[in-house]
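A short write-up of the structure that comes next.
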Amino acid sequence: EKGGYPDFMMKEIHEQPRVVRDTLAGRLTGGTLTIDELDLSHEELNLIDRVYVIACGTSYHAGLVAKQLIEGWARIPTEVEVASEFRYRNPIITPTTLVVAVSQSGETADTLAAIRDARVRGAKVFGITNVVGSPVARESDGVIYTKANKEIAVASTKSFLGQVVSLTLLSMLLAQTKGKLTTSQIKLLFKELADTAEQIETILSDTTAIDEAALACKDACSSLFIGRGLGSAICAEGALKLKEISYLHAESYPAGEMKHGPIALIDEGFPVVAVATQSPTYEKTISNLQESRARGAMVVAIATEGDTEIKKHAEHVIYIPKVRDCFSPITASVPLQLFARAIAVARGCDVDQPRNLAKSVTVE
Ligand code: M6R
């Protein structure tokens, strides 16, 4: 049932091009995006003036991506919060607040409690879940199903991709509704979004550089993941993947924070994994790599195909196809999944069933 792959995680990583295709199927008709399941009129959508994305773990990291896309495209103030914090504070909610609850399993206790609380306070709640008929689906006003199909490995991979693609669509829909993206912009973005399926296939077709970097890092006790903008969100997910399946400590920081503390950790051979793809802050990230290497760091950089400059600043470069920055979370997270898995395998860990963790967390 592993389809010839050594473990479920590897099988699920390889399903991601299909997840992208299935998530996008039928969503664009003549330049208009449709997410009918949301069950909100154009007017109601147009009135939304605040968004909270509520989730836990990996799903929370998909929310970090959504915040940047919703604010960037639709210009709606958006907060991302872990459900266990949201449910115990007093968030500002009005009838024009949209709460987006993201949960692979659809049964995470804190996320469900946050949904109930948000609805009592009068918010509209959209669920984004992978499990049809799950409590999150039942208790939300509208639901988008990620098309990942059953995910068995405890570490989320394909469901994360499905969440990011679904949230990207939702962000585009909000921007379209608010008149912030034109029909031709939507069409172009949608095409490029669809192209990421093939770009993931390219990444999966040759993992040599990823495996080499993983072998070089496998005996470390700790590591840092750094990036800026969307790269910072991807790093948060990359670090979680690594720690949960390999038990190698990994911490993510926005690269600009290095001088405010984490750079003190760096000594000879300390792994610094950087998302350094083409983006408006590329040069700034390069400076952070130089500062890290000057203190002995072993830099592993995820970079854009064709970037020769990066080789001067990293011991290991993992190239990925060029995409528009807004779609980099979809492509750049794939090598980080493979990197975490390769380290876990090299350290003799049970990739699919990491210690102390359960696939769904139905108690607080
Ligand atoms: O089912 P959910 O998306 O609500 O689960 C949230 C987290 O428990 C989950 O993402 C967890 O962090 C995964 N093990 C990450 O790989």
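Only one entry of THR29, THR34, THR78 meets the criterion of being closer than 26 Å to SER184 by Cβ, away from the ligand (no atom under 16 Å from the Cβ) and touching an Asp or Glu at 6+ places or on another chain (Cβ under 6 Å), and that entry is THR78. Among residues of region 68-80 being crowded, with 19+ Cβ neighbours inside 10 Å and free of Cβ contacts under 8 Å to residues at least 40 places away in the same chain, the one that is farthest from ARG116 (Cα to Cα) is THR78.
In this structure, GLU139 does not qualify as modelled with pLDDT of 95 or more and farther than 18 Å from LEU38 by Cα. Scanning region 230-254 for residues that are of a type in the set (A, V, I, L, M) and within 21 Å of GLU79 (Cα to Cα) yields LEU230, ALA233, ILE234, ALA236, LEU240. Residue check: ALA109 meets all listed conditions (1) within 12 Å of the ligand (Cβ to nearest atom); (2) without any contact (Cβ under 8 Å) to a residue 60 or more places away in the chain; (3) more than 18 Å from SER159 (Cα to Cα) but one, namely (2). Of the strands (runs of 3 or more DSSP E) lying entirely inside region 211-309, not one carries at least 1 residues that are crowded, with 17+ Cβ neighbours inside 10 Å and modelled with pLDDT under 95. Only residues that are small (Gly, Ala, Ser), at pLDDT 95 or above and surrounded by fewer than 21 Cβ atoms within 10 Å (Cβ to Cβ) were counted across region 310-358, and they come to 2. With the structure loaded, tell me whether THR202 is touching a Pro at 6+ places or on another chain (Cβ under 6 Å), surrounded by fewer than 16 Cβ atoms within 10 Å (Cβ to Cβ) and modelled with pLDDT of 95 or more or whether it fails that test. So THR202 passes the test. THR94 meets the stated requirement of being surrounded by fewer than 17 Cβ atoms within 10 Å (Cβ to Cβ) and more than 16 Å from the ligand (Cβ to nearest atom).
The set of residues from region 35-49 being more than 15 Å from VAL165 (Cβ to Cβ), surrounded by 12 or more Cβ atoms within 10 Å (Cβ to Cβ) and in contact with a helix residue (DSSP H, G or I) (Cβ under 9 Å, 6 or more places away or on another chain) comprises LEU38, LEU45, ASN46, ILE48. For region 134-147, the candidate set comprises residues that are within 11 Å of the ligand (Cβ to nearest atom) and surrounded by 24 or more Cβ atoms within 10 Å (Cβ to Cβ); within that set, the residue that is nearest to the chain's Cα centre (by Cα) is THR146.
The values are calculated or read from the model by the stated rules, or taken from the named source; none is laboratory data. Note that this is a predicted model, so its numbers are computed, not measured. Note: ideal-geometry Cβ built from the backbone for every residue, glycine included; neighbour counts use all protein chains shown.
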